Amino acid sequence: MFVTDIRKEFYEVVANQRVVLLVASDMDALCACKILQALFHCDQVQYTLVPVTGWQDLGTAFLEHKEQFRYFVLINCGANVDLLEMLQPDDDSIFFICDTHRPVDVVNVYNDTQIKLLIKQDDDLGVPSYDDIFRDEDDDEEGGDSGNESDESSEPTGKRRRFDEGAVERRIERHVLMAAMMFFELAWVLTKDTKDMLWWAIIGLTDQWVHDKITNMKYVTDIATMQRHVSRHNHRNEDEENSLSIDCMRISFEYDLRLTLYQHWSLYESICNSSYTSCNFKLWTLNGQKKLQEFLADMGLPLIQVRQKYNSMDMSIKENLRDVIEESANKYGMKDIRIQTFGVHFGFKNRFLASDIVHATAALLESTEKDESDSNNFIKALDSLSRYHFYSSIHSLQLAKKKLIAIQQTVASCICTNLILSQGPFLYCYLMEGTPDVKLFSKPMALILLCKYLLKAFVHSTRNKRCKLLPLIMAAPKDVEKGTVIVVGIPPESDTSDKKNFFGRAFEKAAESTSSRTLHDHFDTSIMELKTEDRSKFLDALITLLS
């Protein structure tokens with residue numbers, strides 16, 4: 001069932017209990033977790049934090065804790081499956097689910113006793129009515145006893161079965177209010193919100209935009225909401241004596257450049273490794289490189305300045321750099337070079353944009369440097385969001401730069417060697433074993449970012465109008481010893497339409513029809529693992545299914 005009053009029906013219920021936090025490994029969940037942790041510390045709520053990377057992890061974590069705990073809070077996991085059927089919990093276990101993945105499983109919606117969905121009902125979920133989905137088994141028999149329907153709970157019982165698959169499929173497929181923003185609103189309602197919580201909510205929102213999970217319209221609307229909160233906090237702290245103290249935190253609304261990590265890199269490297277500029281210039285071609293040189297000349301910036309670190313550039317150049325870049329970018333058709341965002345100062349240290357933190361923390365979360373466990377990476381990424389872990393941010397920025405360079409080089413390689421194939425209803429690209437940095441792309445967030453960048457680059461470079469409207473499926477080696485590949489599917493390149501992704505159901509049906517050995521363990525259904533030798537028959541089935 002949907003929770004209508006998050007304060008009374010969620011927070012006041014768990015405030016006096018011991019709680020398990022089951023948190024997915026993504027940026028929005030990470031930020032939501034930080035906000036909820038801060039609230040729990042305020043009210044001395046006892047909790048156990050368990051990072052989960054997939055359904056198997058979730059099931060294992062639940063089995064380990066179900067004897068000691070009654071209350072479970074699931075962040076960015078659990079809404080899109082029949083959770084009670086999967087976990088088989090005791091009748092007294094209560095699950096609070098805050099999940100941005102869609103579709104929401106209708107059984108979760110109509111369970112009044114154990115499932116509590118922390119999802120705003122003003123998000124147009126389009127959930128079909130109960131009678132459209134379930135009916136009594138006895139309804140098929142004439143004069144059947146219908147006494148079972150007198151049960152007070154509207155929870156589906158053993159006598160209820162789904163019968164209208166069309167109704168079941170009419171569930172919304174887009175990402176809506178971010179988990180971090182949901183918990184920040186809770187903190188605001190409780191009047192316990194702080195600047196740190198606000199900053200984490202902003203990072204959660206920015207992550208959805210960076211990874212292209214929301215439309216530009218949704219992003220701008222939510223930015224306006226966050227801007228009101230920023231103004232409120234800045235106004236509240238105007239007269240405080242510590243407003244210029246060495247460890248104070250200042251958040252500001254910015255209309256900044258769409259250049260990734262440019263304040264922590266050289267301007268030249270940032271332009272080369274940002275998908276927006278790289279795709280517009282087509283930097284994988286000689287003409288693109290020539291056009292970039294012309295662009296730099298048009299700005300009138302000396303190459304020695306452009307190629308050195310941003311912090312070392314002359315102050316006279318930095319003062320009006322954004323305006324100069326915007327003016328020249330407009331001449332080259334890049335009218336959206338500036339974007340609404342937020343920046344933060346921690347005392348007198350470096351300034352960070354929200355997108356900088358997203359890239360840095362995501363790189364830390366999926367680090368492949370020391371073969372550390374997913375749980376260790378999760379804890380490190382969680383710690384790096386704190387203002388007191390500034391130096392870990394410097395390390396994670398270096399990881400982010402390596403990741404962005406690897407993505408740019410892989411995109412250039414795929415475009416130049418024609419690795420993107422049109423398979424009829426979709427485009428397909430497979431990264432071979434031995435490709436540089438292929439280990440990095442065995443991680444879902446890195447592969448999806450590569451996928452989005454590659455599709456955008458392909459759309460800019462192809463002359464085939466039909467191919468510009470196709471989605472992309474990409475596969476990369478996951479585990480060489482086990483002989484598995486990770487497969488992701490993304491919708492067609494578009495700035496306006498909803499970011500609906502229908503590949504999850506298509507993957508399941510294609511695997512089922514060919515008996516392919518697959519593992520659908522990710523919370524995002526458009527990501528799956530597949531045995532390498534089953535790749536051909538799986539693709540053939542997918543082409544037939546989507547044609």
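The values are calculated or read from the model by the stated rules, or taken from the named source; none is laboratory data. Keep in mind that what you see is a predicted model, and the values were worked out from it rather than measured. Every residue, glycine among them, receives a Cβ derived from its backbone with ideal geometry; neighbour counts consider all protein chains shown. Calculation scope for accessible area: heavy atoms of the full protein, side chains included, ligands and nucleic acids excluded. Shrake-Rupley method; radii C 1.70, N 1.55, O 1.52, S 1.80 Å.
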FRET efficiency for Asn464 and Arg70 from the Cβ-Cβ distance with R0 = 35 Å, rounded to 0.05, comes out at 0.05
Percent relative contact order for segment 419-546, counting Cα pairs under 8 Å at least six residues apart, stands at 23 percent
Excluding residues fewer than 8 positions from Lys195 in its own chain, the lysines with Cα under 27 Å of it are Lys8, Lys34, Lys120, Lys213, Lys218, Lys349, Lys380
Contact order relative to length for segment 192-405, counting C-alpha pairs under 8 Å separated by 6 or more residues, stands in percent at 24 percent
Expressed per residue, the solvent accessible area of segment 320-415 in Å² (1.4 Å probe) is about 42 Å²
Pseudo-spin-label distance Asp540 to Ile304, built 7 Å along Cα→Cβ, given in nm, is 6.4 nm
Counting only protein heavy atoms with a 1.4 Å probe and every protein chain in place, the carbon and sulfur fraction of the accessible surface of the chain in whole percent equals 48 percent
In nm, the gap between the two label points placed 7 Å beyond Cα toward Cβ at Gln46 and Lys402 is 4.1 nm
1/(1 + (r/R0)^6) with r = Cβ-Cβ of Phe502 and Glu319, R0 = 45 Å, i.e. FRET efficiency to nearest 0.05, evaluates to 0.40
Answer in debye to the nearest 20: the dipole magnitude of segment 192-405 about its Cα centre, from +1 Lys/Arg and -1 Asp/Glu charges placed on Cβ, is 460 debye
In debye to the nearest 20, the charge dipole size for the chain, taken about the Cα centre with +1 at each Lys and Arg Cβ and -1 at each Asp and Glu Cβ, equals 3400 debye
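Can you tell me the mean projection area, over all orientations, of the convex hull of the chain's alpha carbons? Units nm², please.
So the Cα hull casts an average projection of 27.5 nm².
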The FRET efficiency for Gln56 and His389, from their Cβ-Cβ distance with R0 = 35 Å and rounded to 0.05, is 0.70
For segment 419-546, the Cα convex hull volume per residue in Å³ comes to 106 Å³
Given 201-208, 42-49, 408-415, the highest-first ranking by average Cβ count within 10 Å works out to 201-208, 408-415, 42-49
Rounded to the nearest 10, the angle in degrees between the Cα long axis of helix 444-461 and the longest principal axis of the Cα atoms of the chain comes to 60 degrees
Dipole check, the chain, charges on Cβ (K,R +1; D,E -1), about Cα centroid: among Val109, Thr225, Pro471 the Cα furthest to the positive pole belongs to Pro471
The farthest towards the positive end of the charge dipole of segment 419-546, of the residues Phe503, Thr532, Leu440, given +1 on Cβ of Lys and Arg and -1 on Cβ of Asp and Glu, is Phe503
Taking alpha-carbon centroids only, segment 336-409 lies from segment 208-236 a number of Å equal to 20 Å
Between the residues Asn287, Ala541, Cys429, the Cα farthest towards the positive end of the dipole of the chain, that dipole coming from +1 and -1 charges on the beta-carbon of Lys, Arg, Asp and Glu, is from Asn287
Longest principal axis of the chain (C-alpha) makes with the long axis of helix 354-365 (C-alpha) an angle, in degrees to the nearest 10, of 60 degrees
Distance in Å, no decimals, from the C-alpha centre of segment 474-547 to the one of segment 65-97 is 27 Å
In degrees, nearest 10, the alpha-carbon axis of helix 27-42 is tilted away from the dominant principal axis of the alpha carbons of the chain by 70 degrees
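In percent, what relative contact order does the chain have, based on Cα pairs under 8 Å that are 6 or more apart in sequence? Before the final figure, lay out the partial values.
Values: 889 pairs, mean separation 67.9, N = 547.
Dividing the mean separation by the residue count of the chain yields 12 percent.
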Rounded to one decimal in Å, the inverse mean reciprocal Cα-Cα distance for segment 192-405, i.e. its Kirkwood radius, is 18.5 Å
